[in-house]
Amino acid sequence: MRDITKARLQMSKTHLKNLITRNATVKAAATYLHYGRETLGRHVLRPDPTATGPLLFTIEKCASTYISKALALIEARYGQYRVYNYAGHYWNTGELDVYAAIQRDASRIFSMKNAMYGPLRRYVAASNMDNRRILLILRDPRDVLVSMYYSVGYSHALPGGRKSRAQYEARRREARAMTIDEYVEHELPIIRSTYKEYAEHLLGKPNVTFLTYEQLINAPSTWAAAFIEALGLEPRQSVVDELTGIYEHGLPKGDGDRKMEHRRSGKAGQYAQALKAETIAFIDQAMNLDLARFGVWEL
């Protein structure tokens, strides 16, 4: 009986979520409640100009679902920081340009006490950048571009707000009308710009820890310990084990066609099979200097 009641409750929650997700206006309104902490930080709480909470920067299709869960676990187990996911908040409230809006509000939203912020998928400047602990987590941009094709074209959840949803649906139609090779060449300038900004503003700074997606999939326990330590916390083995378990549990199962699933592959180097040789050469030539600055991905 208890199992039946639990199953019915889960079905009710799923049904309610589907109803909210289908309506762009309702989803935008519901976001202010779902992201209640971020709503307070954006609109209500008084900013502290001396705040130096950690920032976590990454890129699309770089285990950001796992990273969000990892940050939540760090908050629960250590209690030193509260996590603020402003990218999720702004996306679901219907901002047409999420990171322009975040940069516009940066002096307020990155000034909470005992806070850490992320994941952020573009560089934004906050106050006291040199005094904050900063994590930079990136993936081979060629794999990012391949995964983006399937995400934008098929699997990514739609944003809240009518205008932003219409904008994203137009991007989806555009992606589906292209081949994967056409799409990655079309999106390459945006991805290149993002990596270039990260290299210019963050790479090599003494307060920045650079981790990669490839390190995560090859040695998740080692990666988890480095992730915790980068936040200025002691990497307790119990927490490292939990983070490793969350990662391994979330890995895609099977090898079939997964283009409709948001966690589609989880592998490194998939671009070599997904793209034509001339497309790979085009990306390598365009990003040669940018990739060389990071020194972790082979050309």
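The values are calculated or read from the model by the stated rules, or taken from the named source; none is laboratory data. Bear in mind the structure is a predicted one, so any value in this text is a computation, not a measurement. Here the Cβ is made from the backbone with ideal geometry for all residues, glycine too, and neighbour counts use every protein chain on show.
Could you say which residue among Tyr168, Tyr198 is buried (at least 18 other Cβ atoms within 10 Å of the Cβ), of a type outside the set (Asp, Glu) and touching a His at 6+ places or on another chain (Cβ under 9 Å)?
After ruling out the rest, the residue left standing is Tyr168.
Name the residues in region 200-217 that are more than 27 Å from Lys276 (Cβ to Cβ) and not in a loop (DSSP other than H, G, I, E, B), would you?
The answer is Glu200, His201, Val208, Thr209, Phe210, Leu211, Gln215, Leu216.
Taking interchain pairs and intrachain pairs at least six residues apart, which have beta carbon atoms under 9 angstrom, with the first residue in region 186-197 and farther than 15 Å from Leu291 by Cβ and the second outside any helix (DSSP H, G or I)?
So the pair list comes out as His186/Met178.
Please work out which residue is surrounded by the fewest Cβ atoms within 10 Å (Cβ to Cβ), limiting yourself to region 201-224 and to residues that are out of contact with any Lys or Arg (no Cβ under 8 Å at 6 or more places or on another chain) and more than 20 Å from Ala268 (Cβ to Cβ).
Restricting to residues being out of contact with any Lys or Arg (no Cβ under 8 Å at 6 or more places or on another chain) and more than 20 Å from Ala268 (Cβ to Cβ), the top hit is Pro206.
Can you pull out the residues in region 210-268 that are modelled with pLDDT under 95 and among the small types (Gly, Ala, Ser)?
Within region 210-268, Gly250, Gly254, Gly256, Ser265, Gly266, Ala268 meet the criteria.
Residues are listed down the side, and each one gets a yes or a no for (1) β-branched (Val, Ile, Thr); (2) under 19 Å from Ala115 (Cα atoms); (3) modelled with pLDDT of 95 or more:
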{"site": "Thr58", "(1), (2), (3)": "yes, yes, yes"}
{"site": "Cys62", "(1), (2), (3)": "no, no, yes"}
{"site": "Lys69", "(1), (2), (3)": "no, yes, yes"}
{"site": "Leu73", "(1), (2), (3)": "no, yes, yes"}
{"site": "Tyr78", "(1), (2), (3)": "no, yes, yes"}
{"site": "Val83", "(1), (2), (3)": "yes, yes, yes"}
{"site": "His89", "(1), (2), (3)": "no, yes, no"}
{"site": "Asn92", "(1), (2), (3)": "no, no, no"}
{"site": "Ala101", "(1), (2), (3)": "no, no, yes"}
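Looking at (1) crowded, with 22+ Cβ neighbours inside 10 Å; (2) within 21 Å of Leu71 (Cβ to Cβ); (3) at pLDDT 95 or above, can you tell me which one Pro141 breaks?
(2)
Can you tell me which residues in region 84-99 are within 12 Å of the chain's Cα centre (by Cα) and small (Gly, Ala, Ser)?
Within region 84-99, Ala87, Gly88 qualify.
Can you tell me which residues in region 203-220 are more than 17 Å from the chain's Cα centre (by Cα) and not β-branched (Val, Ile, Thr)?
Leu203, Gly204, Lys205, Pro206, Asn207, Asn218, Ala219, Pro220
Restrict the check to region 157-166 and report whether at least one residue is outside any helix (DSSP H, G or I) and basic (Lys, Arg).
Within region 157-166, not a single residue is outside any helix (DSSP H, G or I) and basic (Lys, Arg).
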